[in-house]
Amino acid sequence: MAYQKALFKIFGIGGTVAVWSPTALMLITSVIGSISSGTFQMDFLLPAELFLIELVGMLLLVFASWKEGHYFKPLLGCSVGSIACLATIVIFAEATGMANGTVPPLTWMLVFIYVFTALMSLGFIAVGFFGLKFSLQLFGKGK
């Protein structure tokens, strides 16, 4: 039983680090790029491009929270919401022809993509937040 507790702690920490890594990398490269160029630059699609890292982290957190019984519903809900937003973006881009460039992106198409990208990023941040709370709970420091 003690090894399971240790394993879930590893899953909690590893999942939280994996979920936060793409967002932190996006912010770090944004600051460095903005300082070096003198203009604001941010690759806001970086968390979507590194989705497999996010997915591994979300799976670790959801599994560990399911077994431990803490923060399972918020972690599952935010994870499914983020995945659904990414799937919506991909399906929309393929269906409209934006993905292969046959259709020039119209303003309403770009707004649709930006809104779902923002929702996806907020979902990743929420998973990271609940993952952090879950990890603190595992170590007895959370409420």
How would you order 77-86, 95-104, 114-123, 58-67 from highest to lowest mean count of nearby Cβ atoms within 10 Å? 58-67, 77-86, 114-123, 95-104
Residues of type aspartates and glutamates that K73 reaches as a straight line, Cα spacing below 19 Å, ignoring anything fewer than 8 places off in the same chain: E54
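From Cα pairs below 8 angstrom and at least 6 apart in sequence, can you work out the relative contact order of the range 2-138, rounded to a whole percent?
On the way: 139 pairs, mean separation 47.6, N = 137.
Once normalised by length, the contact order is 35 percent.
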Given charges at beta-carbon only (K, R positive; D, E negative), |dipole| of the chain in Debye: 740 debye
Using alpha-carbon coordinates, inclination of helix 2-37 to the longest axis of the chain, degrees: 30 degrees
Taking a ≥ b ≥ c as the square roots of the Cα gyration tensor eigenvalues, with a/c under 1.5 meaning rounded and otherwise prolate when a/b beats b/c, else oblate, which class fits the range 34-109? oblate
When T16, T29 are ranked with the fewest other C-beta atoms within 10 Å first, the list becomes T29, T16
Cβ-based net charge around G12, under 11 Å, with every Lys or Arg adding one and every Asp or Glu removing one: +3
Cα-based helix-to-principal-axis angle, 107-138 vs the chain, degrees rounded to 10: 10 degrees
By the Cα gyration tensor axes a ≥ b ≥ c (a/c under 1.5 gives rounded; else a/b larger than b/c gives prolate, otherwise oblate), the shape of the range 2-138 is oblate
Can you list the aspartates and glutamates whose alpha carbon sits under 20 Å from that of K141, skipping same-chain ones fewer than 8 residues off? E68
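In deg cm²/dmol and to the nearest 500, what is the mean residue ellipticity at 222 nm of the chain if only DSSP H runs of at least 4 residues count, each as -39500 (n - 2.57), divided by the residue total?
Numbers: 5 runs with 115 residues, N = 143.
Calculated at 222 nm, the ellipticity per residue is -28000 deg cm²/dmol.
Any read-out appearing in this document is the output of simple, stated calculations on the displayed coordinates, not a laboratory observation. Since the structure is predicted, the reported quantities are computational estimates derived from the model, not experimental observations. Backbone-built Cβ (ideal geometry, glycine too); neighbour counts: all protein chains shown.
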